[in-house]
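Participant: Please read through the structure below; I'll follow up with questions.
The values are calculated or read from the model by the stated rules, or taken from the named source; none is laboratory data. This one's a predicted model, so the numbers in the text were calculated from it and none came from an experiment. Methodologically, a virtual Cβ is constructed for each residue, glycine included, from the backbone with ideal geometry; neighbour enumeration extends over all protein chains shown. Accessible surface areas use protein heavy atoms only, side chains included; no ligands, DNA or RNA. Shrake-Rupley method; radii C 1.70, N 1.55, O 1.52, S 1.80 Å.
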Amino acid sequence: MIKSIKVALLAIVGLAFTATAYADFTFVSWGGAYTMSQQKAYIDTWGPVKSGKTKVRVENYNGGLGEVKAQVESGNVKWDVVDGLPVDMINGCDEGLFEKLDMDTWEGGKYSASIKENGAGSSGPISECSAPQIFWSYVVIFDPKAFPGKKPTRMKDFFDVEKFPGKRGVHTWPQAVLEMALVADGVKPTKVNSVLQAEGGPDRAFAKLEELKGHVVHWSAGAQPLELVKSGEVVMSIVYNGRAGAAILSEGASFDYIWEGQVLDGDWVAIPKGSKNKAEAIEFLKHATSCESQAGQAKYITYMPMRDCGTKIIKANEPWFHTGVDVLPHMPNTKRRLKKSVFTDPVWWADNNAELKEQWTAWMAGNKK
Amino acid sequence: MSQAANNQILTTDGIPLKVSLKKAERKNKIRAFTLVLPLLLFILITFVFPIFNMLARSVDDKQINTVFPKTFEIYKKWDQSDLPSEEMYATLFNEVITADGRQIGKASTRMNYSKSGWKSLIKKSKRQFKKIKEGPYKEKMIAIDKRWANIEYWKALGQMVDPYTMGYYLNAVDLTYDSNKKIIQQPEKRRIYNSTWWLTFEVSVLVTLFCLILGYPISYLLATLPLKFSNLLMICVLLPFWTSLLVRTVSWIVILMQKGIFNSILVWAGIIADENRMQLIYNKTGTLIAMTQILLPFMVLPLYSVMKTISPTYMRAALNLGAQPMHAFYKIYMPQTIPGISAGGLLVFVLAIGYFITPELVGGSEGLLIGHFIAYHLKTTLNWGLCSALGAILLAVMLVLYWAYNKIVGIENIKLG
């Protein structure tokens, strides 16, 4: 009896080993609905996956370069493709943590041009290491029931606690908040970056933020602000637009957006330096960033393709969302909205991130009234 | 009778007993050592080496010195009153051009810690420098980016002239170097670490205190109640302990928010008015409540195991001899629980001081403890030097506490069971 148990245990261990041996390709992203959209749009549809040759293991992480740096420096690189923010892509490429990509040779050279076409304000590839994914934004949402009379429509209203009383939800890092403060202070969205980056720009934003002091609840995880608004803890909050879109489209939540002054940012994919499957990873990136894959992702999440050809497919085929409703009304970068939006400048943030985080933390500490 | 003459006892095969014994003992020692060797190696590799590595990183400043050695040679001669000479521009130019891209990336990241902006300046320049074939470099570099004419950038290099630095430790307590490596305070708007340190200690001490106040009676009940009830009580202590940390944290949010369970009950009972709902979460109150509940088992379990061993006869004897119950409890029972109090207190404090997920979720802006900044610099700014300095200070604080504890109470008085 004991012997047969032993044999069974050994067999299980052996199976576990062979199972892990199959998982020879690792894709790392943020988890939740976003990873699900990637899985459906281009992991499941990838040739080697369909033919059963390769099994892609999907891992979650919280952004940042900590893990990549540790893997590259120790020479034990376990990740093959990483999805990340522009700041990390730029820093990682500079520090040699990612493989360089020669995207000009992809799709017969049409590649970079296709990114520039879209975006309006996005200036094409941000680093030599990263291939494009999607645009997402920090946008303000509110519960219409919280304002029986006049409803907020502009960024100014988010900062106006007299006209629209109640607490505001704001995240615990400075990105996007400073840009929004400048928009509320009367700077044209398209001019925000030049004002912010000029001498005294951040101080002007912080001065505007004084008006919110004592009226802010700070959140640190992307799901929190939706709960805050839904439960009435705050009347408005800055959220990731994809989270709001998912809540509205899939869960029937009744949120309204304030698109004016939204801050757009991107997500990119890259290959950690020294990946054991580099050639395969490049093929994967080509597939993941093809027009069809880009459009396919928008079936499951309200993040807009970075490549124009993807957007065109969506436009021609509305209602595109998998539940059978139009997805474009929830997309952050339609032509009309772009005119009123700010594109975050990853290069400038990479320079000033640390210093402004300190200043922002000091501001938050003083945020008790 | 040579044996007696030499005063030596021989074994049957003629070797002196002493030698033979030593040999056997040595064999045993080697065997014992081989048995602990894996553990020793494990501790060395996973504990001693990483700590040493962390301490080394916190003072290491070679990322840049090895990339721009000649520039720093000239820098040392510069009087800092006016923009540097053409020679310094030319040297830096050449060193940027010839250095490997990855090294430049690392160096510019380091330079960016001392002056925000170096990172993009170096990166942009490296790309454009290829077009410059000959001097004068100063003029041409300024034409590429006017930041090259900003003396503040050059002065910032002064912080990095030595291969070893205390700069990260200074940053960790809101100080910094000026261009002559004199220690100065950070600009006021950037001073956050001292207040964060105090907040972290305040929260940790308070949580430890609350855990003790709540945990002591519970442990007493657990240790003295009949088995039937104490088992049930034990399950009440352990069940939350086995529940996921995130579930417990989120439950607190549901209970404590303004329109949450606790406030609604108070409003319903007429204790507070609807518009005066209390702010119990997204501030320090929320942090303290949630952390106390989560860390409570770490106080209860050591206390319980110590109290369980205290014989009830001592108390009975004291009462028998005429002591008031309170007096007997204070004089006889309490001193015997000190090993448990110390173990629980130390355990809770150590866990609390490095906590960051729970405070971050329930604490709002007051939930950003020192652990948050270690994680932030580890992942976002990649300033591992500052991370290590923060970690090393945390380690030093713990060692000081340990030392003080040993002096006052004695480390032999700690007992986990």
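Participant: Run the Debye formula on the Cα coordinates of the protein assembly as shown, all scatterers equal and no solvent, and tell me log10 I(q)/I(0) at q = 0.05 1/Å.
Facilitator: Taking Cα atoms of the protein assembly as shown as identical point scatterers yields -0.35.
Participant: Something else about it: Please pull out the direction-averaged projected area of the range B:65-190, using the convex hull of its alpha-carbon atoms, in nm² to one decimal place.
Facilitator: 7.7
Participant: Taking the Cα centre of chain B as origin, sum charge times position over the Cβ atoms of Lys and Arg (+1) and Asp and Glu (-1), and report the length of that vector in debye to the nearest 20.
Facilitator: Dipole magnitude for chain B comes out near 1020 debye.
Participant: Can I ask one more? I'd like the mean, over residues of A:59-69, of how many other protein chain beta carbons sit within 10 Å of each residue's own Cβ.
Facilitator: Mean shielding count: 3.
Participant: Counting each DSSP H run of 4 or more residues in chain B as -39500 (n - 2.57), what helix-only mean residue ellipticity at 222 nm follows after dividing by all residues, to the nearest 500 deg cm²/dmol?
Facilitator: Counting only the DSSP helices, I get -20500 deg cm²/dmol.
Participant: Something else about it: What residue among B:Ile151, B:Ile43, B:Ile183 has the largest mean-square fluctuation in a Gaussian network model of chain B, using Cα springs under 10 Å?
Facilitator: Top of the fluctuation ranking is B:Ile43.
Participant: Tell me whether the range A:306-369 comes out rounded, prolate or oblate; compute the Cα gyration tensor, take square roots of the eigenvalues as a ≥ b ≥ c, and use a/c under 1.5 as the rounded threshold.
Facilitator: Cα axes put the range A:306-369 in the prolate bin.
Participant: Which of B:Ser195, B:Ser85, B:Ser365 ends up with the largest GNM mean-square fluctuation for chain B, with Cα atoms connected below 10 Å?
Facilitator: Its mean-square fluctuation being the largest, the pick is B:Ser85.
Participant: Report, in debye and to the nearest 20, how large the dipole of the range B:2-57 comes out about its Cα centre when Lys and Arg carry +1 and Asp and Glu carry -1 on their Cβ.
Facilitator: Dipole of the range B:2-57, to the nearest 20 debye: 60 debye.
Participant: I would also like to ask the following. Over all residues in B:360-370, what is the mean tally of Cβ atoms on other chains that come within 10 Å of each residue's Cβ?
Facilitator: 5
Participant: Find which of B:Gly117, B:Gln80, B:Gln128 sits farthest along the positive direction of the dipole of the range B:65-190, computed with +1 on the beta-carbon of Lys and Arg, -1 on that of Asp and Glu, about the Cα centre.
Facilitator: Of the options given, the answer is B:Gln128.
Participant: Taking amide H atoms as placed 1.01 Å from N in the peptide plane, list the residues 5 or more away in sequence, or in a different chain, whose amide H sits under 5 Å from that of B:Leu175.
Facilitator: Residues meeting the criterion, in which the H sits 1.01 Å from N, are B:Gln186.
Participant: Classify the range B:87-126 as rounded, prolate or oblate from the Cα gyration tensor: take a ≥ b ≥ c as the square roots of its eigenvalues, call it rounded if a/c is under 1.5, otherwise prolate when a/b beats b/c and oblate if not.
Facilitator: Oblate is the answer for the range B:87-126, as a/c is 1.5 or above yet b/c matches or exceeds a/b.
Participant: Now a separate question. How much of the pair distance distribution for the range B:193-413 lies past 32 Å, counting alpha-carbon pairs only, in percent?
Facilitator: In whole percent, the long-distance tail amounts to 32.
Participant: Just name one of B:Asn194, B:His327, B:Tyr355: the one whose Cα is farthest towards the positive end of the charge dipole of the range B:193-413 (beta-carbon charges, Lys/Arg +1, Asp/Glu -1).
Facilitator: So the residue we want is B:His327.
Participant: Here is a further query. Specify which residue in the list B:Ala156, A:Val56, B:Ala317 is farthest towards the positive end of the charge dipole of the protein assembly as shown, using unit charges on the beta carbon of Lys, Arg (+1) and Asp, Glu (-1), about the Cα centre.
Facilitator: B:Ala317
Participant: Same structure again: Could you state the angle between the C-alpha long axis of helix B:86-98 and the longest principal axis of the C-alpha atoms of chain B, as a value from 0 to 90 degrees rounded to the nearest 10?
Facilitator: So the helix axis and the longest Cα principal axis differ by about 60 degrees.
Participant: Which whole number gives the average count of other chain Cβ atoms within 10 Å of the Cβ atoms across peptide B:57-69?
Facilitator: 0
Participant: Also, quick follow-up: Across all directions of projection, what mean area in square nanometres is found for the Cα convex hull of the range B:2-57?
Facilitator: With every direction weighted equally, the projected area is 6.1 nm².
Participant: I've got another one for you. Where nothing but the Cβ of Lys and Arg (+1) and of Asp and Glu (-1) is charged, how large is the charge dipole of the range B:65-190 around its Cα centre, in debye to the nearest 20?
Facilitator: It comes to approximately 620 debye.
Participant: Which net charge results when you count Lys and Arg as +1 and Asp and Glu as -1 among the other residues whose beta-carbon is under 9 Å from that of A:Asp185?
Facilitator: It works out to a net charge of +3.
Participant: Here is a further query. Which percent of the accessible heavy-atom area of chain B goes to carbon and sulfur, probe 1.4 angstrom?
Facilitator: 66
Participant: Any chance you could tell me what percent of the C-alpha pair distances in the range B:1-105 go past 25 Å?
Facilitator: 63
Participant: Taking the mean number of other Cβ atoms within 10 Å as a proxy for protection, how do you rank B:199-209, B:283-293 from highest to lowest?
Facilitator: Ranking, from highest mean packing down: B:283-293, B:199-209.
Participant: Is the shape of chain B rounded, prolate or oblate, going by the alpha carbon gyration tensor and its root eigenvalues a ≥ b ≥ c, with a/c under 1.5 for rounded and a/b larger than b/c for prolate?
Facilitator: Oblate shape, in that a/c is at least 1.5 and b/c is the bigger or equal ratio.
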